[in-house]
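Chemist: Provided herewith is a single structure, encoded as structure tokens, for subsequent inquiry.
The values are calculated or read from the model by the stated rules, or taken from the named source; none is laboratory data. Predicted model, so just to flag it, every value in this text is computed and none were measured. Glycine also receives a Cβ, built like all others from the backbone with ideal geometry; neighbour counts cover every protein chain displayed.
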Amino acid sequence: MDCKGSKMNRRDFLRRFGYAAAVPFLPAAGAKLVDIRFNVLFIAVDDLRPTLRCCGDHIALTPNIDRLAARGTLFNRAYCQQAVCNPSRASLMTGRRPDTIKVWDLATHFRKTSPHIVTLPQHFKQHGYHSQCVGKIYHGKKSLQDPPSWSVPEKFNVAVKREQYVLPENRPGQKSGKMAACECADVPDNAYWDGKIADEAIKALEENRDKPFFLAVGLMKPHLPFSCPKKYWDLYDRDRISPPTNPEKPAGAPELALHDWVELRGYNDIPNKGPLPPDKIAELRHGYYACVSYTDAQIGKLLDALDRLDLARDTVIVLWGDHGWHLGEHALWCKNTNFELDTRAPLIVAAPGQRCAGTKTNALVEFVDTYPTLTELCGLLII
Amino acid sequence: MKRRDFLKLAALSMASLTRTAKASDNKPNVLFIAVDDMNDWVSYLGGYAGKVHTPNFDRLARRGVSFTNAHSPSTVCNPSRTAIMTGLRPSTTGVYNNGQWWRPALPAVVTMPEHFRANGYSVHGGGKIFHHTLGNNPPDLWDEYFPQIQDTAWHYDYPVPGQHVAKRGIHWPEGFPLNGIENVRLGKRPPANYREFDWGPLDKTDLEMGDGQMVKWALDFLSKPHERPFFLAAGIYRPHLAWYTPRKYFDLYPPDRIALPAVREDDLDDVPPIGRAMARARRADFELVKESGKYGEAVQAYLASISFADALVGRLLDALDRSDYARNTVVLLWSDHGWHLGEKGAWHKRTLWERATHVPFFITAPGVTPPGTTCVRPVNLIDIYPTLIDLCGLEARPELDGLSLIPLLKNPTAKRQRPSLTTHERGNHALRTQRWRYIRYRDGTEELYDRESDPNEWTNLAEKPAYAAVKKDMARWLPKSDAPGVPTKGAYSFDPETYTWTAKGAK
């Protein structure tokens, strides 16, 4: 029976719903039917750990992410489900834990185990939203893309390593791969992919401003290689970026908990084994901060576009990093461990007119919470 | 229950109802006009320091009884309107704020339109009668309903967490926000609700506005023949924010002649903490208005909105006078509560002072009300339901909290002992007699104002021993008990397609 929350007997039920059935609800003659649902701007940043000014990192220059945090809620203790790109993203995008969808590696597509699962953007699409992907949302391999999630084909979603360099010495051949771990080139933002992604995303905002949309924007930095325009390197004085605070392996941790950062060692300026020289450590740390500021600037462009297009007041904004990163702490580089620095990642949710905008919370949240949060914010049925 | 059984039973229940309807030939029709957030600034109440153009309210005053000391049951939309339409006070029902749904909490309560229908009337409603947000307007209350049309992108389909989104509404007006406040443009706080926090003239005709479209529907209704007596409820939304009106109503109020409300800096020093908190509820909105240099424009827009609502009332009266129903129709007009525009440092409603509780209220009943009379006795809109029962000969409902106003309609100077009672959130009450306002908050703190010598309610006399007897005499009219608040919206999931609520956690 309906209305379970109240004490209603049979006669009350008839009195109320009998009329409803017998007398149709007359809609207003000529009333315009227009959607004014919240849009969603869904920003994923690859390998972003909370090296953000709003997260208390006093080296980081991230004025735009800070500005986003001031509009919404910053989750100080948000954890990814697994500190590996594909499982983390597959989990967040399906709202299921890696163990549920059985995706724990960089090769498995969640559709292999759960072919009929409805992803977060797909759910919005099924509710009449225009759902679009610009940049890296699912893991950046062709085989791991998910066309059913989107209303239109993805753009800039898969980038090979060669495309992430602009300097000729880092693009020696047609099929060259990992070269230097860092690149500093005096080029405009959109010489690199994240600049192109921001431009394309702004175009998507302009084109879709009149219908409810779910726009996923996946920025590729600060993932290795740390390649970004010189002006972002110039924001930082390398000497003032401190070395890792705890560079030793955790005492008593089993070897299984650690790794030899194979991902980084693949770059041609990184030794195949052993520790890194101090100047390389400093360069890499500098590069990471520069790339964070580069992505921050692209996010600023998106926020400005929302304001300019009068979309801010109708748009929920989410920002997340797919997992954390080690920058030499624990004698580690890259991700993949279960330590704090790898599992904790930034999460910001900002809704128009939000109460208590600008708050930071220490509440413990997980990335699987993102899916139900967004559906509830936008008034969709929770599945 | 299967769908077919349900429909069969539904049809049966309709049939039996029609058979049992009493002969209703002599019953008057009712034109029931509501306005929203309209305080006592209208000309006949004199709450505004300058001139207010409300010729149609003056016209209503000439036709019947105008109440100069009428107050709302609560000072926020949902509890006030729920109280008026059910005849039951917030302290009886537990509906205290806009965060609650009244219908699942009170499934067996017979609302005013339902009672009219059960007594042989056809019942028609339009615009804002019950609170306008999703889930407060069950379609089964009415034979016909013209849904409210907003002039800004607010609320019919404002997403309610966890709910479907109804797809009815209109988009932002061109150039939103017309008041130019940057936070509003960007959807930032303050203001508390940027979707409505705007004002300015629109280049539209009266009948093109959201309220105008509803009035047009009501005019059509009045121009047609109707077999059964009707209860026609027309809910005008202005002067609720957003204060948009056709341009000519702004032109009535030249910016250089706007009077700002009288405010005393130390006014709240003698007010108990709960009262100060009420005054603070939308202080940030008020500060935003002042910081943006828009205070005068806001007052102008509120006045324009009052005059626009007045003009729409005029159109309804014109149509009624032209119709076949002119001589046998009871006309009522009420506002759900008042509005502060800075008085006592408050912006919005949600207080227990005069500016929030005191409302325009008129009744014209052919053959009952002497034309052009004023009634200064304290009355409350909770009295509407029992009054209409008496005026229209409906079946009595002894459980109602109000008292019929018939004695005052016949003789506006008749004695009336009971003061008006206004409640804001559980346990906070304001009583109003002809001379005094007595407020008691849930923690026992009090305010007392002598309105004869202190019309701005600036001097709280509650602590002075000389007034102990006055307080004691008034306190006996406080509710004997304060019903616990009914569940908040968060306790249910609501499906607007079937208009049903399901308690969360229920199987």
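Chemist: May I ask you to list the residues in region B:20-37 that are modelled with pLDDT of 95 or more and hydrophobic (A, V, I, L, M, F, W, C)?
Modeler: Result: B:V30, B:L31, B:F32, B:I33, B:A34, B:V35.
Chemist: Same structure again: Condition (residue is in contact (Cβ under 8 Å) with a residue 12 or more places away in the chain, in contact with a helix residue (DSSP H, G or I) (Cβ under 7 Å, 6 or more places away or on another chain) and in a loop (DSSP other than H, G, I, E, B)) applied to region A:195-216: is it met by at least one residue?
Modeler: No, that holds for no residue.
Chemist: Which one of A:D279, A:D307, A:D342 is charged (D, E, K, R), under 27 Å from A:Y192 (Cβ atoms) and within 14 Å of chain B (Cβ to nearest Cβ)? Outline the logic, then answer.
Modeler: Values: A:D279 fails: within 14 Å of chain B (Cβ to nearest Cβ); A:D342 fails: within 14 Å of chain B (Cβ to nearest Cβ).
Only one candidate passes the filter, namely A:D307.
Chemist: Let me ask you something else. Could you pull out the residue among A:T343, A:T315, A:T361 that is under 30 Å from A:A204 (Cα atoms) and β-branched (V, I, T)?
Modeler: Working: A:T343 fails: under 30 Å from A:A204 (Cα atoms); A:T361 fails: under 30 Å from A:A204 (Cα atoms).
Exactly one residue qualifies, and that residue is A:T315.
Chemist: Quick one: which helices (runs of 4 or more DSSP H) lie wholly within region A:67-161 and hold at least 3 residues that are surrounded by 20 or more Cβ atoms within 10 Å (Cβ to Cβ) and not acidic (D, E)? Step through it out loud before you land on a result.
Modeler: Working: elements: A:85-94, A:98-101, A:110-113, A:120-126.
Those helices (runs of 4 or more DSSP H) span A:85-94, A:120-126.
Chemist: Among the residues of region B:253-275, how many are surrounded by 14 or more Cβ atoms within 10 Å (Cβ to Cβ) and in a helix (DSSP H, G or I)?
Modeler: Within region B:253-275, residues that are surrounded by 14 or more Cβ atoms within 10 Å (Cβ to Cβ) and in a helix (DSSP H, G or I) number 5.
Chemist: Okay, next question. Would you please list the contacts, defined by Cβ atoms under 8 Å and residues six or more apart or on different chains, that run from a residue in region B:174-194 that is within 10 Å of another protein chain (Cβ to nearest Cβ) to a residue that is polar (S, T, N, Q) and part of a loop (DSSP other than H, G, I, E, B)?
Modeler: B:F176/B:T152; B:R189/A:Q354
Chemist: Sticking with this one: Tally up the residues in region A:202-222 that are touching a Leu at 6+ places or on another chain (Cβ under 6 Å) and of a type in the set (G, A, S), please.
Modeler: 1
Chemist: May I ask you to say which residue of B:D443, B:D401, B:D450 is without any contact (Cβ under 8 Å) to a residue 60 or more places away in the chain and acidic (D, E)?
Modeler: Of the residues listed, the single one that is without any contact (Cβ under 8 Å) to a residue 60 or more places away in the chain and acidic (D, E) is B:D450.
Chemist: Which of (1) within 14 Å of another protein chain (Cβ to nearest Cβ); (2) modelled with pLDDT of 95 or more; (3) assigned to a helix (DSSP H, G or I) is the odd one out, the single condition A:T375 does not satisfy?
Modeler: (2)
Chemist: Also: Only one of (1) touching a His at 6+ places or on another chain (Cβ under 7 Å); (2) surrounded by 16 or more Cβ atoms within 10 Å (Cβ to Cβ); (3) under 21 Å from A:R49 (Cβ atoms) is not met by A:R238, so which one is it?
Modeler: Result: A:R238 passes all but (2).
Chemist: Answer yes or no: is there a residue in region B:346-360 that is in contact with a Pro (Cβ under 8 Å, 6 or more places away or on another chain), crowded, with 17+ Cβ neighbours inside 10 Å and within 16 Å of B:A34 (Cβ to Cβ).
Modeler: no
Chemist: Scan region A:313-323 and tell me whether some residue there is within 20 Å of B:K188 (Cβ to Cβ), within 14 Å of chain B (Cβ to nearest Cβ) and not β-branched (V, I, T). Full working, then the answer.
Modeler: Of all residues in region A:313-323, those within 20 Å of B:K188 (Cβ to Cβ) come to A:313-319.
Going one step further and asking which of them are within 14 Å of chain B (Cβ to nearest Cβ), we end up with A:313-317.
If we keep only those that are not β-branched (V, I, T) as well, we get A:313-314.
Yes; the residues of region A:313-323 include at least one that is within 20 Å of B:K188 (Cβ to Cβ), within 14 Å of chain B (Cβ to nearest Cβ) and not β-branched (V, I, T).
Chemist: Scanning region B:115-140 for residues that are within 20 Å of the chain's Cα centre (by Cα) and within 8 Å of chain A (Cβ to nearest Cβ), which turns out modelled with the highest pLDDT?
Modeler: Looking at residues that are within 20 Å of the chain's Cα centre (by Cα) and within 8 Å of chain A (Cβ to nearest Cβ), I get B:P138.
Chemist: Right, something else. Looking only at region A:19-54, which residues are facing chain B (nearest Cβ under 7 Å), at pLDDT 50 or above and either on the phi > 0 side of the Ramachandran plot or in contact with a Ser or Thr (Cβ under 9 Å, 6 or more places away or on another chain) (or both)?
Modeler: A:F38
Chemist: Tell me yes or no: at least one residue of region A:163-176 is of a type in the set (D, E, K, R), touching a strand residue (DSSP E or B) at 6+ places or on another chain (Cβ under 7 Å) and either free of Cβ contacts under 8 Å to residues at least 40 places away in the same chain or at negative phi (or both).
Modeler: For region A:163-176, residues of a type in the set (D, E, K, R), touching a strand residue (DSSP E or B) at 6+ places or on another chain (Cβ under 7 Å) and either free of Cβ contacts under 8 Å to residues at least 40 places away in the same chain or at negative phi (or both): absent.
Chemist: Would you confirm, using the coordinates I've provided, whether B:D40 is touching a Phe, Trp or Tyr at 6+ places or on another chain (Cβ under 7 Å), more than 14 Å from chain A (Cβ to nearest Cβ) and modelled with pLDDT of 95 or more?
Modeler: Against the criterion (touching a Phe, Trp or Tyr at 6+ places or on another chain (Cβ under 7 Å), more than 14 Å from chain A (Cβ to nearest Cβ) and modelled with pLDDT of 95 or more), B:D40 does not qualify.
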